[in-house]
Amino acid sequence: MIIPDVNDLNLYVVESGSQDGPAVVFAHALGSDLTMWDAVVAKLPQSLRLIRMDMRGHGKSPCPDDPYPMGDLVGDAARCLDRLGVKDCVFVGLSIGGIIAQGLAAERLDLVRGLVISNTAAKIGTPAIWANRIKAVREGGIDAVIDANMQRWFSRATHRDHPEIVETARIRLRTTPLAGYLGCMAAVADTDLYESTARLRLPTLAIAGSEDGSIPADLVRETAGLIPGARFRLIRGAGHMPPVENPDEFARLLSEFLISIGHI
């Protein structure tokens with residue numbers, strides 16, 4: 001499905017489940033696309049309205065010139081949900097998707113009644129770290145960071161036992177448009193949501209991977225601690241992509257959260 005006129009873009013969205021059910025919305029990681037949620041969505045009750053979107057510069061959505069302000073990415077999500085007529089969703093975001101989730105809840109609480117923020121933080125990295133990564137990609141393309149990303153994204157066990165998972169992610173990252181990757185990197189580099197996230201008052205589940213080389217579990221736990229009552233869960237043996245490495249456990253934690261807040 002193409003959602004037209006979202007900040008002058010036609011974002012690509014996939015819906016499944018029931019059109020009349022409570023909405024659960026998924027935002028993917030940097031250098032990925034909505035297919036990273038496929039295995040999780042397949043394990044959720046189909047009585048839910050399950051919405052996955054490709055953010056700008058990724059997947060089948062348009063790719064404007066970089067850089068992208070984080071406000072535009074949050075605005076894309078808000079306009080998309082407005083166009084779909086969604087209210088009171090549970091918004092699930094991983095990595096940059098988790099930053100978008102926090103920003104959306106801070107700006108449009110009418111759209112969001114619960115958050116699931118996975119492998120993310122209110123602030124990720126430092127300007128110097130991101131400047132070095134952006135410089136490397138501008139000079140050498142995405143291939144310059146692929147190997148390092150795969151090491152950070154996936155546990156040693158996944159590299160050893162499921163190389164096909166790593167290869168699928170490698171291909172997805174390599175085929176991400178350069179401007180989209182650079183644009184979203186710049187958005188993360190300039191974002192610090194500590195103050196706005198600390199003002200959030202809504203049911204929240206934070207999920208981390210014990211082997212995440214991108215966002216350490218302690219940083220995810222710290223972000224959860226900003227939101228009163230937020231729950232923290234650790235998926236052992238998973239890296240930066242628990243929905244891909246262990247979709248059964250991710251879907252179980254998500255389903256338990258949805259039941260606990262009355263969304264199922």
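The values are calculated or read from the model by the stated rules, or taken from the named source; none is laboratory data. Nothing here was measured: the structure is a model prediction, and the numbers come from that model. Backbone-built Cβ (ideal geometry, glycine too); neighbour counts: all protein chains shown. Ligands, DNA and RNA are excluded from the accessible area calculation, which covers all protein heavy atoms including side chains. Shrake-Rupley method; radii C 1.70, N 1.55, O 1.52, S 1.80 Å.
Compared with the alpha-carbon gap, the fully stretched path from Asn10 to Ala42 is longer by 9.0 nm at 0.36 nm per residue. Full extension of the segment from Arg252 to Glu167, taken as 0.36 nm per residue of separation minus the current Cα-Cα distance, would add 28.1 nm.
Provide the packing ranking of 98-111, 128-141, i.e. peptides ordered by the mean count of other C-beta atoms within 10 Å per residue, highest first. Walk me through the numbers before you get to the answer.
Working: 98-111: 22.5, 128-141: 13.4.
So the order, starting with the most tightly packed, is 98-111, 128-141.
With 29 Å as the limit, write out which pairs from Lys60/Lys87; Lys60/Lys135; Lys43/Lys135 have Cα-Cα distances beyond it, or answer none. Result: Lys43/Lys135 exceed 29 Å. Taking Asp212, Asp248, Asp65 as the candidate residues, the one with maximal mean-square fluctuation in a Gaussian network model of the chain, Cα springs under 10 Å, is Asp65. Per atom type, the chain shows carbon and sulfur on 50% of its accessible surface, probed at 1.4 Å. Comparing Glu195, Glu211, Glu222 in a Gaussian network model of the chain (Cα springs below 10 Å), the most mobile by mean-square fluctuation is Glu195.
Secondary structure note: in the chain, about 25% of the DSSP beta bridges are antiparallel.
Among 51-57, 164-170, 151-157, how do they line up by average Cβ neighbours within 10 Å per residue, starting with the highest? Present the calculation step by step, with values, prior to reporting the outcome.
Numbers: 51-57: 26.0, 164-170: 16.0, 151-157: 19.3.
Listed from highest to lowest mean packing, they are 51-57, 151-157, 164-170.
Over the chain, all Cα pairs binned in 10 Å intervals from 0 give whole-percent P(r) values of 7, 34, 40, 18, 1, listed from short to long. Overall shape of region 124-264 was characterised from the C-alpha gyration tensor. The equivalent ellipsoid obtained from it has semi-axes of 28, 21, 13 Å, in decreasing order.
Quick one: in region 140-221, what % of C-alpha pairs are over 20 Å apart?
Values: 1660 of 3321 pairs.
Looking at region 140-221, the distances longer than 20 Å represent 50 percent of pairs.
Distances between every pair of Cα atoms in region 23-70, grouped in 5 Å steps from 0 to the bin holding the largest one, split as 5, 20, 27, 21, 13, 8, 5, 2 percent. Taking the chain as a Gaussian network, Cα atoms linked when under 10 Å apart, which of Leu84, Leu219, Leu50 shows the biggest mean-square fluctuation? The residue that fluctuates most here is Leu84.
What does the accessible area per residue of the chain come to in Å², with a 1.4 Å probe and no ligands, DNA or RNA counted?
Details: 10550 Å² over 264 residues.
Accessible area per residue: 40 Å².
How big is the Cα convex hull of region 49-100 in projection, averaged over all directions, in nm²? Average projection, Cα convex hull of region 49-100: 3.9 nm².
The alpha-carbon positions of region 78-177 define a convex hull whose volume is 139 Å³ per residue.
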